[in-house]
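Structure first, then comments.
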Amino acid sequence: MGGIGSGKVRLRRARETVDRHWSIDIRQWKRQGMLDAHQEFTWNWFHRDRVAASIRVQANSDRVILSHNSRRQDSSDSRTTYPVYLTSTECHLGGERRWFLCPVDGCWRRVAILYAGDVFACRRCLQLAYLSQRESRSTRTICKVNQIRERLGWNRGFATGNGDKPPDMHWKTFERLTARHDALVEIWLGGVDERFKCLEPI
């Protein structure tokens, strides 16, 4: 099996998106009871029902030890083992929330998710973007419009017109959502108008 990641941390030229990288989520591990001290387990990623990549994890009270293959510059694989330290914060309603501390030197950001590179690191260290950041402004605006329409129980696409208030929704909430919906539609239509002006012959 090939290495977990390729390329050096902080040296990625293309701003890739997080969905193209294996990731580990401390919230998922906590829910499944995998962070209890002295536990060891293998974490797998699957593609078409087959194991595509895996890491070995040893949990301790203040850290997890990760062990996995890492791709070198000469395309050969080497086994990499290193600690990722943990921290926690108190929740307002009791209990605590666990976090990874990004293991890249000089970072140590508190994050819930680490992504695969030469080592598992935070999104900023690997210079990864969210998929939504690749979308145009007009696309993001329409997505927000449709999210509001779905919450209101209306058909997607504002060209179909506005619907009625859902029976179980307060009028104040309905008015707030419809105002936000109409404002976003106006923003999108304004953008379309500007794009058409750019296409007008000189």
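The values are calculated or read from the model by the stated rules, or taken from the named source; none is laboratory data. Quick caveat: nothing in here was measured; it's all calculated off a predicted structure. Note that each Cβ is placed from the backbone with ideal geometry, even for glycine, and that neighbours are counted across all protein chains shown. Side chains included, ligands, DNA and RNA excluded: accessible areas come from the protein's heavy atoms. Shrake-Rupley method; radii C 1.70, N 1.55, O 1.52, S 1.80 Å.
Residues in the stretch 77-160 average 59 Å² of solvent-accessible surface per residue, probe 1.4 Å, ligands and nucleic acids excluded. Surface composition of the stretch 14-129: carbon plus sulfur atoms hold 43% of the accessible area, using a 1.4 angstrom probe and ignoring ligands, DNA and RNA. With each label modelled as a point 7 angstrom along the Cα→C-beta vector, the Arg56-Phe174 pair spans 6.1 nm. Treating r as the C-beta distance of Arg110 and Ser67 and R0 as 30 Å, the FRET efficiency rounds to 0.85.
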